[in-house]
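Step one of this worksheet: look at the structure below.
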Amino acid sequence: MNEFSNQSEQNLSDETTRQYYYLEKARAHTAVFASELGHAPTCCVTTFGCQMNARDSEKLVGILHQAGFTVIDSEKADFVIFNTCTVRDNANQKVYGRLGELNGYKKKNPRMKIALCGCMMQEPSVIEKIRKSYPFVDLIFGTHNIFRFAELLCRMFKSDGMVVDIWEDTDKIVEDLPVERKYSFKSGINIMFGCNNFCSYCIVPYVRGRERSREPGDILREIKHLVADGVVEVMLLGQNVNSYGKNLKEPMSFAELLREVEKIEGLQRIRFMTSHPKDLSDELIQVMKESKKICRHLHLPLQSGSTAILEKMNRRYTREQYVELALKIRREIPDIAITTDLIVGFPGETPEDVEETIDVVRTVKYDNAFTFIYSKRTGTPAAAMENQVPEAQVKVCFDKLLKVVQETAKEQVGKYRGRVMDALIEEVNENDSTMVTGRLSNNTIVHVPGDASMIGRIVPVSLDECHGFYYIGHCV
Ligand code: SAH
Ligand code: SF4
Ligand code: F3S
């Protein structure tokens, strides 16, 4: 028991105070851990899944660092945390495979601690399986109580067995906890959590809870701090950013939020993810068009080009509405790159339906598209649907779609050959240390000769050779 244990109804600032209190305690536990190990403890956070998870991992790293851990890239660390994803079954399988490897490391380093968190942990069947088959795990928590990580660390250190703490939901948004960015010059920012859309194939609403928007004041304050700390590009994150602000005490649209973010001095680039087509407003198109900072890239998931399938997916737009919207965006903002997500093999999908998807790909001409094979997620409406598509048909349709996606993307990306455009230099090229890798406003990657001193700078580059999805160029 401690001085905070009776405060069940805390307001947000109290929760923050509470976690800083536990952070102090965690630091003491880490010191003991260090003396047992005989060296300063190392930790490693491995992220699976989307940008939201990547941002969550930065929050975990922030806490771990302040608790006294040295953060390293290798999973041969004294403490390993897997921040998991469950959007498709292969994401889950990866986690189980890697857990097997961790077991091997733990046998060599018996004091090693292992924690699991993230979306997969919100599924009761997963917890059951881990208890049974992976008993060497020390701590499990979910998406709704991640802000309690400092407190959970203390519980882990005090306990002999596996600590499991999963919440069904939360209405809390806890501000001002530590966070440590992976990149010094760019950062993701959560503007909302959860999802209310319940697309019939998707597990996200079940594992991330209902939609909650952060107060605009908190978002703007965080971005201003980041900019003061050297950030030039932000990515506003939400499962459906176009419905931002609807449930705030003083409602605000996403377009209005963007106008405010634009005003922040020193900030140079604004990105956002993801836009649901059904909620994309003319106001947003107008704001993007007028903006000097919003990047020329829109990720607009189509999922399927067949209206019949879209209806079964509960996407709430038709093929025609989507195409009209995409073409309107292309008309209004001619240099914009549009990317998308596509699913092949949704229950009841015929080869003719896939032809309709291919047709939309040809019409919209995506600059890039992520093509996924439908994965049955237990508990979603689609899992109970009849007519699950045979694997052989899925494979043929998938390959056919992928080919068209690659062709149109190559054509789209190649359009800029010979042009000079601004690139934000992000890192030294992994394969060739005399080159650096940058990103154009439209999200295309370009490799140019350079060195680490250029990282974080926006420089004009000439786009010399197009290699499918990326360019080789040079600084001008
Ligand atoms: N909120 C975002 C998407 C988040 S999930 C949006 O609606 O745009 C990212 C992508 O994973 C989705 O766009 C979808 O294409 C894919 N996806 C989600 N559930 C899936 C499933 N059960 N099987 C295959 N792909 C899926
Ligand atoms: Fe999933 Fe649909 Fe929500 Fe995206 S909008 S997270 S696909 S339910
Ligand atoms: Fe995966 Fe969760 Fe993101 S299921 S895609 S990590 S919201």
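The values are calculated or read from the model by the stated rules, or taken from the named source; none is laboratory data. Quick caveat: nothing in here was measured; it's all calculated off a predicted structure. Cβ sites come from the backbone with ideal geometry, for glycine too, and all protein chains shown count toward neighbours. Ligands, DNA and RNA are stripped out before the accessible areas are found, and what is left, the full protein with its side chains, is counted by its heavy atoms. Shrake-Rupley method; radii C 1.70, N 1.55, O 1.52, S 1.80 Å.
Tabulated data
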item: Spin-label pair residue 249/residue 400, simplified geometry with 7 Å Cα→Cβ offset, distance in nm; result: 5.6 nm
item: Carbon plus sulfur fraction of accessible area for the stretch 317-369, probe 1.4 Å, in percent; result: 48 percent
item: Partner lysines for residue 94 [C-alpha distance under 16 Å; skip if fewer than 8 residues away on the same chain]; result: 129
item: Computed FRET value (nearest 0.05) for residue 320 with residue 386, which takes r as the C-beta separation and R₀ as 25 Å; result: 0.40
item: Segment residue 46-residue 474, length gained on full extension (0.36 nm per residue, minus Cα span); result: 150.7 nm
item: Residues of the chain: accessible area per residue with a 1.4 Å probe, Å²; result: 45 Å²
item: Estimated dipole of the stretch 392-435 in Debye, rounded to 20 [Cβ of Lys and Arg +1, of Asp and Glu -1, Cα centre]; result: 440 debye
item: Spin-label pair residue 32/residue 169, simplified geometry with 7 Å Cα→Cβ offset, distance in nm; result: 3.8 nm
item: Signed unit charges on C-beta, dipole axis of the stretch 78-133, positive-most listed residue 127, 79, 95; result: 79
item: Net charge dipole size for the stretch 308-381 [Lys, Arg +1 and Asp, Glu -1 on Cβ; Debye, nearest 20]; result: 280 debye
item: Gain on full stretching of the segment that runs from residue 184 to residue 311 - 0.36 nm per residue minus C-alpha separation; result: 41.5 nm
item: Inter-site label distance for residue 90 and residue 430 at 7 Å from Cα along Cβ, in nm; result: 1.7 nm
item: Whole-percent carbon and sulfur share, accessible surface of the stretch 18-174, 1.4 Å; result: 49 percent
item: Under 21 Å from the Cα of residue 415 - lysines, other chains or at least 8 residues apart; result: 289, 328, 365, 403
item: D (Stokes-Einstein, µm²/s), Kirkwood Cα radius, the stretch 1-156, 0.692 mPa s at 37 °C; result: 203 µm²/s
item: Extreme residue, positive dipole direction of the chain, given options 219, 313, 47 (C-beta unit charges); result: 47
item: Lys/Arg +1, Asp/Glu -1 at C-beta; the chain dipole; positive extreme among 170, 277, 347; result: 347
item: Cα-Cα P(r), the chain, percent of pairs per 10 Å interval; result: 4, 18, 27, 28, 18, 5, 0
item: Residues in the stretch 375-397 reached by a label modelled at residue 350 [backbone nitrogen below 16 Å; 7 Å Cα→Cβ]; result: 387-390, 393-394, 397
item: Given 76/132; 107/186; 25/249, the pairs whose alpha carbons are separated by over 32 Å; result: 107/186; 25/249
item: Given charges at beta-carbon only (K, R positive; D, E negative), |dipole| of the stretch 65-110 in Debye; result: 160 debye
item: Pairs beyond 26 Å (Cα-Cα), from 172/224; 158/182; 224/278; result: 158/182; 224/278
